[in-house]
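Visitor: Structure in structure tokens, see below.
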Amino acid sequence: MSLDLALYQPDIAANTGTLLRLGACLGVPVHVIHPAGFAITRANLARSGMDYLDHANLVEHASFTAFEEWRSGRRLVLLTTKASQSAYECDYRDGDILMLGRESAGVPDEVAEIADLRVRIPMQPGLRSINVAVAGSMILGEAMRQIGRFTQLS
């Protein structure tokens with residue numbers, strides 16, 4: 001089984017390209033749940049994804065419903081500023097899907113309720129959020145460390 005990243009209706013092509021590059025380097029599939037706020041094209045993703053896009057495993061889902069049908073019981077872990085549980089105080093499992101919300105709005109409440117686990121990155125008081133690509137990188141790294149995935153990379 002794999003550890004996957006899912007981007008819920010991403011707004012910013014540069015963040016998506018960055019996460020695709022991360023996924024390529026770490027061997028992690030990246031799912032884009034449509035509609036996105038931009039066309040998922042090589043031209044839109046090239047600046048941050050660079051030539052790593054050729055190595056990325058990009059999976060597109062026409063809607064959240066289509067994504068849910070594909071997910072088929074795998075645990076969905078939502079990274080959200082609205083969670084009370086620290087992302088560093090939970091146990092990740094092989095097969096988890098780490099989902100990031102839209103840069104502009106996160107995910108709707110009905111999507112958040114479907115998540116099996118909701119976690120946040122602890123931050124200084126009074127600050128809203130960390131860039132979605134940085135947040136995804138931080139928690140993907142923690143999940144990979146916990147399940148021993150870094151030992152499989154050279």
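No value in this document is a laboratory result; all are computed from the given coordinates. All values reported here derive from a predicted model rather than from experimental measurement. Glycine also receives a Cβ, built like all others from the backbone with ideal geometry; neighbour counts cover every protein chain displayed.
Visitor: Could you check the spin-label model distance between M50 and M1? Points 7 Å from the Cα along Cα→Cβ, value in nm.
Guide: Computed distance between label sites M50 and M1 equals 3.4 nm.
Visitor: Here is a further query. Are there GluC sites (Glu not before Pro) in the range 46-154 that DSSP marks as loop and that have at most 10 other Cβ atoms within 10 Å, and which are they?
Guide: Within the range 46-154, the qualifying GluC sites (Glu not before Pro) (loop, at most 10 other Cβ atoms within 10 Å) are E89.
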